[in-house]
There are 2 protein chains.
Amino acid sequence: MDNLTEMLKGTLEGCVLEIIGSEETYGYAITRRLNELGFADVVEGTVYTILLRLEKNGLVQVTKRPSEQGPPRKFYALNDAGRKELATFWAKWEYITSRIDKLKEGGR
Amino acid sequence: MDNLTEMLKGTLEGCVLEIIGSEETYGYAITRRLNELGFADVVEGTVYTILLRLEKNGLVQVTKRPSEQGPPRKFYALNDAGRKELATFWAKWEYITSRIDKLKEGGR
DNA sequence: AACAGTACCTGGTGCCACTGAGTACTAAGG
DNA sequence: CCTTAGTACTCAGTGGCACCAGGTACTGTT
């Protein structure tokens, strides 16, 4: 599927929040996870910008740990603000998908 | 629901395409339709920029007709390229929603 | 030494929804 | 008669986000 970028605005960040929320993990692994989920064209640069933004916005707790396979990893976990933001994301997602589905079914 | 703007990137244009595709209509009415569908904060300026973009991209056929209630209306109808773009939009939407739902269900 | 895999960072770009202000026409109310 | 509200369209500018392209750096294999 090509050129999803515009439709991913806002949702990709939510996906990253969800991934972090389900398990403490790091940028490189998050990228691999998104790729295997079907977001095949998402590259590391994109994920890192999201992670830096999450950190800047105080939604995650960051822990640096050494890796046996390369440079140290930065592990991310949601804090309270992050969990709240994740809940808000899913509420928005629910809201938008329900409206779009209504529109698609020709609902009036 | 507040601040959906980032998540509407790409999808709002698709919604407008769908509305036009189901019935030849004009900007002001499209705005009202979106509002009643639940996109309450979408204002005319936003819709008109989308309509001008659709026209510029050759996806719609435009017909100006007088109105009894104000200035003349610009009616929009999809052409072949527009119908194709609409189909692409729904394919992308399907694709993304299925991946997000999988993620939400903790799918691996 | 060279390379591939792992792991992270960053300045710049383009697209899109949104803002805010403006134009213009009609009908109703004070 | 003039103001207001409703209808209807336009457009220059803003900000946020995914993306691009290139960089750094560590480890293990060839």
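Of the three principal axes defined by the Cα atoms of the range B:5-104, the extents in descending order read 51, 30, 20 Å.
Chain A has one residue whose beta-carbon comes closest to the axis relating it to chain B; that residue and its distance in whole Å are A:Lys9, 2.
Between B:Lys64 and A:Ser98, the modelled labels are 4.2 nm apart [label points 7 Å from Cα along Cα→Cβ]. Ordering A:Glu94, A:Glu18 by the number of other Cβ atoms within 10 Å of each residue's own Cβ, fewest first, gives A:Glu94, A:Glu18.
By average Cβ neighbour count within 10 Å, what is the ranking of A:52-65, B:63-76 from highest down?
Details: A:52-65: 14.1, B:63-76: 11.6.
Highest-to-lowest ranking by the protection proxy: A:52-65, B:63-76.
Across the protein assembly as shown, Cα-Cα pairs farther apart than 28 Å form 38% of the total.
Shown for B:Asp2: label points 7 Å from Cα along the beta-carbon vector, and their distances to the equivalent points in the other copies, 4.0 nm in ascending order.
What does the structure give for A:96-102 when I average, per residue, the other chain Cβ atoms found within 10 Å of the residue Cβ?
Numbers: counts 10, 7, 1, 8, 12, 2, 2.
Average per residue, whole number: 6.
Here the range B:24-39 and the range A:20-51 have alpha carbon centers that stand 37 Å from each other.
Computed from the coordinates by the stated procedures, all read-outs in this text should not be read as laboratory data. For clarity, every value in this text was computed on a predicted model and none was experimentally measured. A quick note on method: Cβ atoms are made from the backbone with ideal geometry, for glycine too, and the neighbour counts reach across all protein chains shown.
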